[in-house]
Amino acid sequence: MTTLTARALLLDMDGTIVNSDAVVERCWRRWAEEHGLDADETLKVVHGRQGYATMAVLLPDRPMELNHEDNRRMLAAETADMDGVVPVPGAPAFMAALAALPHALVTSADRKLAEARMGAAALPMPAVRVTAECVSASKPDPEGFLKGAAELGFAPEDCVVFEDSEAGIAAGKAAGMRVVGVGPRAAAHAPDAHVMTLEQVRVEAGPDGAITLRIAAA
């Protein structure tokens, strides 16, 4: 059992509280095939970043404006496809435990996609959310997590991040925050604690406003 204490929690969405892997794979396989890329290799790098940033990694010599155009189409396609979007095991109870506690969503999805996926997974949308429109740089840049902490009114060191991807874990660490890795992708990227699902996390609220996380070993 690992115990972490915090004043606020910052939550990634895809792969962390919402399982959207099926639609992500469908959309990115199509894009990879259109551009003559190996789909399996493409899927190894898509998680965590905004779409245009992933495209820049995969096609480094391509003009960025073309990546932004493709990203807009990708977001529209993903927002229209909710087939297979479900909560990560334990996410409903985890989100219910956070209802009265300081927490924010920090996602590389845009507002429409975030609302669609949270709705499809029947999870409550946090009052504070940092979506793609809110930042100038994609994860692994820490901007999103720093903005989330600032909006909640807490210092970075008082926040714990929940993330599933290499880019997201790197962003949380770069922000000076502790990171709980969620799911199989997270284990290889040295989070401060790791769980396979949110069923392994118990949230306790202290009388002084502290949040205690009791995390069972993955």
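The values are calculated or read from the model by the stated rules, or taken from the named source; none is laboratory data. Since we're looking at a predicted model, the values are computed, not measured. Positions of Cβ are backbone-derived with ideal geometry, glycine not excepted, and every protein chain shown enters the neighbour counts. These accessible areas exclude ligands, DNA and RNA; they are computed on the full protein's heavy atoms, side chains included. Shrake-Rupley method; radii C 1.70, N 1.55, O 1.52, S 1.80 Å.
Couple of notes before you dig in:
- Residue-span extension gain [residue 22 to residue 111] - 0.36 nm each, minus C-alpha spacing: 30.0 nm
- Summed side-chain charge close to residue 208 - residues other than residue 208 whose Cβ falls under 14 Å, Lys, Arg +1, Asp, Glu -1: -1
- The mean sequence separation of alpha-carbon pairs under 8 Å and at least six residues apart, normalised by the residue count of segment 62-142, gives a relative contact order of 32 percent.
- Compared with the alpha-carbon gap, the fully stretched path from residue 125 to residue 34 is longer by 29.4 nm at 0.36 nm per residue.
- Considering only 70, 40, 158, the Gaussian network model of the chain with Cα springs below 10 Å gives its largest mean-square fluctuation to 40.
- Proportion of all alpha-carbon pairs of the chain beyond 21 Å (%): 50 percent
- MRE, 222 nm, helices only [DSSP H, n ≥ 4, -39500 (n - 2.57), over the chain, to nearest 500]: -11000 deg cm²/dmol
- Segment 150-218 versus segment 70-143: alpha-carbon centroid distance in Å: 16 Å
- Antiparallel beta bridges, as assigned by DSSP with both residues in the chain, represent about 40 percent of the total such bridges.
- Over segment 126-205, equivalent-ellipsoid semi-axes from the Cα gyration tensor in Å: 20, 15, 11
- In the context of the full set of protein chains, the chain has a per residue accessible area of 43 Å² (1.4 Å probe).
- A simple charge model with +1 on the Cβ of Lys and Arg, -1 on the Cβ of Asp and Glu and nothing else charged puts the dipole of segment 125-209 at about 140 debye relative to its Cα centre.
- Residue-count net charge about residue 66 - beta-carbon cut-off 13 Å; Lys, Arg +1, Asp, Glu -1: -2
- GNM top mover of 110, 141, 83 - the chain, alpha-carbon springs below 10 Å: 83
- Computed accessible area, residue 197, all protein chains, 1.4 angstrom probe, square angstrom: 30 Å²
- Of the accessible area of the chain, computed with a 1.4 Å probe over protein heavy atoms only, carbon and sulfur atoms account for 53 percent.
- Among 57, 128, 86, the largest mean-square fluctuation in a Gaussian network model of the chain, built with springs joining Cα atoms closer than 10 Å, belongs to 57.
- Protection proxy ranking of 102-108, 185-191, 210-216 - average other beta-carbon atoms within 10 Å, highest first: 102-108, 185-191, 210-216
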